[in-house]
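The values are calculated or read from the model by the stated rules, or taken from the named source; none is laboratory data. Predicted model, so just to flag it, every value in this text is computed and none were measured. All Cβ positions, even for glycine, are placed from backbone atoms using ideal geometry, and neighbour counts span all protein chains on display.
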Amino acid sequence: MQEFLQAIIDAHGGLERWNRLSSAELDLNFSGIVLEMKGFPRHLRPHCAIDLRSQRVVIQGIGAPDELCVYTPDRVWSERPDGTVTAALDAPREALKQVPREEPWHPLHLTYFIGYALRNYLTMPFTFAEPGMRFRDLGTHAEAGETWRKLEVSYPGDIPVHTATQTLYFGPDHLLRRLDYSVDVLGGGPANHYCYDYRSFDGIMVPIVRRVVSPVDMGPLQAGRTTIFLLDYVDLVFHGTKG
């Protein structure tokens, strides 16, 4: 198992290179049916600044035009450029779980959702080296003309993710192809999450397109499946590279 985990991390750029980085910025083309269901435009393009060493993401473009929305696991808030806090939400994960499925979200709910999800996506699979992670080999899976290796991944409580235990699929090149999970803050609905169009940024391999679809029974990806979310990373830049 350790050899497989090391191969995954190395294929995505390696820990030595990753540990030189401190933050990232990108514009997030973000669309999908759930955005509309939750009272937002079906397409958003916020600018996101992600701290890779602590749980903090700053998002511009989902609240008022002159405001920044800030994600941390225990508190989210909006603030003006001078730092004046205009709204705040403590214990945001629990607050999100209590919003009925058919009711809209406040921008701070979306701040929490984008913040934890985007940071988790960008730091994967390097989080595999964090303490408290647990893994189980689930064998192989045939899809898209390839044989993918399935890995059950369980996260410790201090890493916010969609759900604590997920199934990940890695291709013959050890790059992440797909994730299966339920979304706790959306009532536990299941999702299949596909990764496309890998690019190298400072030697880190990142899928710049992600499509989250509703699952079907043991079937391959089909064009007609409902797109829950579509994410496209634009102008991704990592900061903190040392040599």
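To keep it simple, each residue is scored yes or no on (1) touching a helix residue (DSSP H, G or I) at 6+ places or on another chain (Cβ under 7 Å); (2) of a type in the set (S, T, N, Q).
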residue: 37; (1), (2): no, no
residue: 52; (1), (2): yes, no
residue: 69; (1), (2): yes, no
residue: 72; (1), (2): no, yes
residue: 83; (1), (2): no, no
residue: 87; (1), (2): yes, no
residue: 90; (1), (2): no, no
residue: 96; (1), (2): yes, no
residue: 107; (1), (2): no, no
For segment 1-114, which helices (runs of 4 or more DSSP H) that fit wholly inside it have 3 or more residues that are surrounded by 16 or more Cβ atoms within 10 Å (Cβ to Cβ), charged (D, E, K, R) and in contact with a Cys (Cβ under 7 Å, 6 or more places away or on another chain)? none
Of the candidates 172, 160, 131, the one satisfying the condition of being of a type outside the set (Phe, Trp, Tyr) and buried (at least 21 other Cβ atoms within 10 Å of the Cβ) is 160
Out of (1) aliphatic (A, V, I, L, M); (2) under 28 Å from residue 46 (Cα atoms); (3) modelled with pLDDT of 95 or more, what's the single condition that is false for residue 186? (3)
Taking only pairs six or more apart or across chains, which ones have beta-carbon atoms under 8 Å, a first residue in segment 145-165 that is under 17 Å from residue 122 (Cβ atoms), and a second residue that is acidic (Asp, Glu)? 159/130; 162/184
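Looking at 140, 165, which is the one that is closer than 30 Å to residue 99 by Cα and hydroxyl-bearing (Ser, Thr, Tyr)?
165
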Taking segment 180-218 only, how many residues are aliphatic (A, V, I, L, M) and under 14 Å from residue 12 (Cβ atoms)? 4
Flag if residue 165 is at pLDDT 95 or above and closer than 25 Å to residue 22 by Cβ: no
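Mind listing just one residue for me: the one in segment 115-151 that is in a helix (DSSP H, G or I) and among the β-branched types (Val, Ile, Thr) and, of those, nearest to the chain's Cα centre (by Cα)?
Residues of segment 115-151 that are in a helix (DSSP H, G or I), as a first pass: 115-123, 126-129.
Of the ones still in play, those that are also among the β-branched types (Val, Ile, Thr) are 123, 127.
Details: 123: 8, 127: 12 Å.
Once the filter is applied, the top-ranked residue is 123.
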Looking at (1) small (Gly, Ala, Ser); (2) modelled with pLDDT under 95; (3) closer than 23 Å to residue 182 by Cβ, can you tell me which one residue 83 breaks? (3)
